[in-house]
Amino acid sequence: MGHEDGVSTSDTGSTSNTGSGRSSGRSGDPGSSGSTGSTGSTVDRAFEALYASDDGSLDTAASLLAADRDADTELARRGEEFVRTLWGRGWQPADLVRIARRDLSDTHLRVLTDLVLTETARYERLPHRWRAQLDELDASPGRPTDRFSYATTVLELYRLLVRLPRLDAVGPVPGEALPPATAGEPRMLTRIRALLAKAEATGYPEEAEALTAKAQELMARHSLDEATLAAGAPSPETPGAIRIGVEPPYEQAKAILLDAVATANHCRAVWNETYGFSTVVGFEADLDPVELLYTSLLVQGTAAMTRAEAEQRAGGRKRTKSFRQSFLLAYANRLGARLAATSRRVASEAPTLLPALASRDLAVTTRTDELFPETRATRVRAAWDEEGWTHGASAADRAGLGPERRGVEGRG
């Protein structure tokens with residue numbers, strides 16, 4: 001796929017949608033289990049509103065719950081079961097937070113955070129990457145003071161949760177058997193993280209150029225090392241996947257940037273516009289570096305866009321949405337070419353390993369096709385601004401991802 005044309009997207013909000021919101025919520029309905037006595041009956045009656053299309057039913061249900069002070073414990077238990085059911089449907093903590101933040105309020109988000117933290121505390125060990133997602137949750141207390149407002153908030157949140165479709169799993173679910181835990185992160189990943197942190201922090205573009213270029217070169221060499229190991233002693237490892245948030249504004253340009261980073265590092269990215277994430281498919285050793293580099297380049301690109309806007313304002317021109325869109329699209333497009341060039345240069349240094357790299361690329365493509373049998377290329381839908389495009393392309397050039405850039409070679 002050419003980066004200038006668009007990004008690969010999933011044709012539906014879910015690759016294996018179980019049906020309408022009502023049937024999705026009723027499948028293995030946690031709300032119907034374990035309820036006893038009048039409190040359980042109150043909650044059961046209130047939960048009928050989760051599958052209704054009108055807010056009037058929700059108001060009536062909230063009044064029922066507000067009048068029954070004994071319903072709070074049962075209400076929380078049912079919420080934890082909703083969350084637990086979603087783990088089995090392929091959702092992860094970051095996915096739920098992302099969709100709640102987009103569609104609901106901070107109050108709903110705090111209720112969801114409490115549910116997620118309480119539910120995941122049940123497990124002795126969690127899947128890889130879940131701990132980092134949980135650490136990013138804002139656990140600050142806060143809920144509506146009156147019972148009716150609180151019940152309304154809970155019901156609105158639960159209505160969202162029961163209507164979420166099934167997603168393809170990108171890792172084990174809490175409670176399943178997990179691979180042995182590893183101590184710390186690989187040394188290579190620590191080095192990449194440090195390089196990119198310095199690139200984001202420095203106020204000198206030339207230094208940021210060298211640091212970012214070194215990080216990409218290190219990633220390319222690491223992929224080469226992995227291919228060397230696979231060629232010498234083939235392992236049963238198969239490609240995995242992670243989800244990375246791609247959120248407004250300018251999400252199309254961000255998805256193209258992530259696609260560029262993934263492709264240059266032997267991964268594939270498929271954008272789910274409906275739920276605000278891209279699924280990156282690749283071998284385990286490449287997935288975390290891709291997320292790190294994408295996040296860093298997005299931070300650097302946003303900072304460069306802010307500086308360019310300041311220049312525009314100083315010249316008497318108002319900043320516009322089309323300027324920012326064009327800036328980020330040009331930034332993503334140009335960086336895609338430069339990232340790919342760096343990877344090709346590193347790979348050319350070991351031509352005997354090209355068949356092993358090609359074999360791993362084929363495995364990633366095959367796995368992507370299995371997960372997403374119905375994808376399509378989405379063309380860019382954005383107003384074009386020549387000044388924004390020019391500034392974005394220049395910012396990408398200053399990211400310094402080619403070997404010819406000053407300060408790249410000779411750094412260790």
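The table below gives the values:
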read-out	value
Cβ-derived FRET efficiency at R0 41 Å, Ser140 paired with Glu48, nearest 0.05	0.80
Computed Kirkwood radius, in angstrom, where 1/r is averaged over Cα pairs of the range 290-344	12.3 Å
For the range 242-253, 3J(HN,Hα) per residue [Karplus equation, 6.51 cos²θ - 1.76 cosθ + 1.60, θ = phi - 60°, Hz, x = Gly/Pro]	9, 9, 10, x, 10, 10, x, x, 6, 5, 5, 5
Shape category assigned to the range 63-125 from the gyration tensor of Cα positions, a/c cut at 1.5	oblate
Hydrodynamic radius by Kirkwood, which averages 1/r over all alpha carbon pairs of the range 196-295, in angstrom	14.6 Å
Rg(Cα)/(2.2 N^0.38 Å) for the range 50-92, N = residue count	1.41
Inter-label distance, nm, simple model (7 Å from Cα along the C-beta direction), Arg191/Leu64	6.2 nm
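Throughout, read-outs are computed from the coordinates displayed, never taken from laboratory work. No experiment lies behind these values; they were computed from the predicted model shown. In this analysis, Cβ positions are derived from the backbone assuming ideal geometry, glycine residues included, and neighbour counts consider all displayed protein chains.
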